[in-house]
Amino acid sequence: MEHWTSYLYWSISVLAILSVLMPAIKNTYWTFRVFDYPRFQKFIILLVLILVWFFTFENPTIYDQVLLFSEIILSFYLFYIILPYTKFGKTMIDKIKPNSGEKPLDILVCNVYQYNNNYQKLIDLVNENNPSVLFFLETDEEWKNALKSATDSYPHKIEVPLPNTYGLLFYSQFPIKNQEINYLIDDDIPSIVADLEYNNDIVRLYGIHPTPPVPQENPESTERDAEILLVGEKAEEFGKPAIVFGDLNDVAWSRTTKLFLKSSGMLDPRRGRGMYNTFHAKYWFLRWPLDHFFVSPHFRLVDMKRMKSVDSDHFPIWISLVVRNEDKEDQFEISQEEKEGVVEKIEEGIEKGDAN
């Protein structure tokens with residue numbers, strides 16, 4: 001009996017260890033990149049395996065001990081990866097209260113899941129909270145028409161409904177002084193740029209939804225990574241208050257996201273506050289942060305929260321911000337090698353895409 005128990009333990013442990021090591025391989029194929037997502041889940045699994053080890057081996061061999069040691073080391077590594085996205089990590093962006101009479105910039109982002117037809121839940125969410133900006137993803141004509149009762153009160157809009165699960169709907173209470181609909185990498189994957197007139201400032205918003213590295217969508221992360229980094233490059237060149245947001249189909253702790261933060265100079269309000277897991281809404285143990293807000297150092301945080309379910313596979317996410325003086329203290333530094341890596345990744349993604 002002990003033989004079979006130890007065999008089962010070894011099998012599960014080897015799989016768990018491989019799942020931790022796979023993301024370290026710099027390969028864009030989905031079989032490697034998909035392991036970026038469940039870092040917290042792997043951490044929990046390793047902790048359970050470490051505990052179970054003591055009940056599995058009565059007379060452990062040197063190999064059994066090496067296995068335990070490996071699990072302990074890797075659990076510390078995963079803890080190091082996820083620590084910045086807990087309340088024990090160092091925060092990015094100071095949290096403040098708005099001045100008297102100052103209207104914050106409230107943004108609600110929701111991947112609605114195109115085949116979800118429970119429109120009323122999202123309508124109720126908008127009506128209850130009255131955000132100043134709405135950004136809805138996976139929206140087709142049916143979603144656009146169904147949401148009219150909630151969105152007609154927003155005088156400024158950018159609507160790109162599509163049947164391919166990459167439609168975008170953007171609505172603003174603040175005037176849009178300039179707007180763009182771009183197809184940066186693929187000719188059927190839109191993104192938007194909107195310059196809002198907000199409290200005597202111009203704030204540039206970049207709304208994106210790149211493809212995920214999964215077999216049924218895109219077998220590689222090359223185009224996703226390129227779009228994220230390209231938008232970050234544009235935000236850095238803009239040099240004024242800017243926000244990148246949407247369903248990035250990447251997690252906050254990935255190599256690409258960290259490279260994005262370094263190259264764009266933007267900040268992640270999740271850091272030091274929590275994971276704010278937005279996907280998957282229907283499976284509590286399989287959740288990670290896919291929907292993001294990244295902001296330039298001109299902003300201060302008023303509030304950020306994950307909203308209640310609207311029957312999508314994503315939870316909506318909300319942020320409330322105000323503009324202040326630029327504070328670059330929390331920006332990551334980028335090396336010359338990393339700068340060259342960003343250029344290379346963008347060029348590779350554009351080459352693989354069909355938009356240019």
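For Asn182, the stated conditions hold: it is modelled with pLDDT of 95 or more, closer than 22 Å to Leu230 by Cβ and either in contact with a strand residue (DSSP E or B) (Cβ under 6 Å, 6 or more places away or on another chain) or of a type in the set (Lys, Arg) (or both).
Does Ser70 count as under 19 Å from Tyr7 (Cα atoms) and of a type in the set (Gly, Ala, Ser)? Working first, answer last.
Working: under 19 Å from Tyr7 (Cα atoms): yes; of a type in the set (Gly, Ala, Ser): yes.
Yes; evaluated as a whole, the condition is true for this residue.
Summed over the stretch 136-167, residues that are under 20 Å from Asn118 (Cβ atoms) and under 19 Å from the mean Cα position of the chain (by Cα) total 6.
What about Glu128, is it over 27 Å from Ser254 (Cβ atoms), at pLDDT below 95 and open to solvent by 10 Å² or more (accessible area, probe 1.4 Å)? Judged against the criteria, Glu128 is not a match. So which residues in the stretch 29-46 are farther than 18 Å from Leu290 by Cα and either modelled with pLDDT of 95 or more or open to solvent by less than 40 Å² (accessible area, probe 1.4 Å) (or both), if there are any at all? Hits for the stretch 29-46 are Phe43, Ile44, Ile45, Leu46.
Checking Leu108, Leu74, Leu78 one by one, the residue that is closer than 29 Å to Arg300 by Cβ and either in a helix (DSSP H, G or I) or touching a Leu at 6+ places or on another chain (Cβ under 9 Å) (or both) is Leu108 and no other. Among residues of the stretch 13-26 that are assigned to a helix (DSSP H, G or I), those with a beta-carbon under 7 Å from a residue that is of a type in the set (Lys, Arg) at least six positions away or on a different chain give the pairs Ala16/Lys42; Ser19/Lys42; Val20/Lys42.
Quick grid of which residues meet (1) open to solvent by 40 Å² or more (accessible area, probe 1.4 Å); (2) more than 22 Å from the chain's Cα centre (by Cα); (3) without any contact (Cβ under 8 Å) to a residue 40 or more places away in the chain:
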position: Ser6; (1), (2), (3): no, yes, no
position: Val48; (1), (2), (3): yes, yes, yes
position: Asp64; (1), (2), (3): no, yes, no
position: Leu67; (1), (2), (3): no, yes, no
position: Lys87; (1), (2), (3): yes, no, no
position: Met92; (1), (2), (3): no, no, no
position: Val112; (1), (2), (3): no, no, no
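Only one of the numbered conditions (1) within 24 Å of Val112 (Cα to Cα); (2) surrounded by fewer than 22 Cβ atoms within 10 Å (Cβ to Cβ); (3) in contact with a helix residue (DSSP H, G or I) (Cβ under 8 Å, 6 or more places away or on another chain) is not met by Gln216, and that is (3).
So, of the residues in the stretch 299-325 that are within 28 Å of Asn199 (Cα to Cα), outside any strand (DSSP E or B) and touching a Lys or Arg at 6+ places or on another chain (Cβ under 9 Å), which turns out to be most open to solvent (accessible area, probe 1.4 Å)?
Checked the stretch 299-325; the qualifying residue most open to solvent (accessible area, probe 1.4 Å) is Arg324.
The values are calculated or read from the model by the stated rules, or taken from the named source; none is laboratory data. If you're wondering where the values come from, they're calculated on a predicted model, not measured in any experiment. For neighbour counting, all protein chains shown are included, and Cβ atoms are generated from backbone atoms with ideal geometry for every residue, glycine included. Protein only, heavy atoms only, side chains kept; ligands, DNA and RNA dropped before computing areas. Shrake-Rupley method; radii C 1.70, N 1.55, O 1.52, S 1.80 Å.
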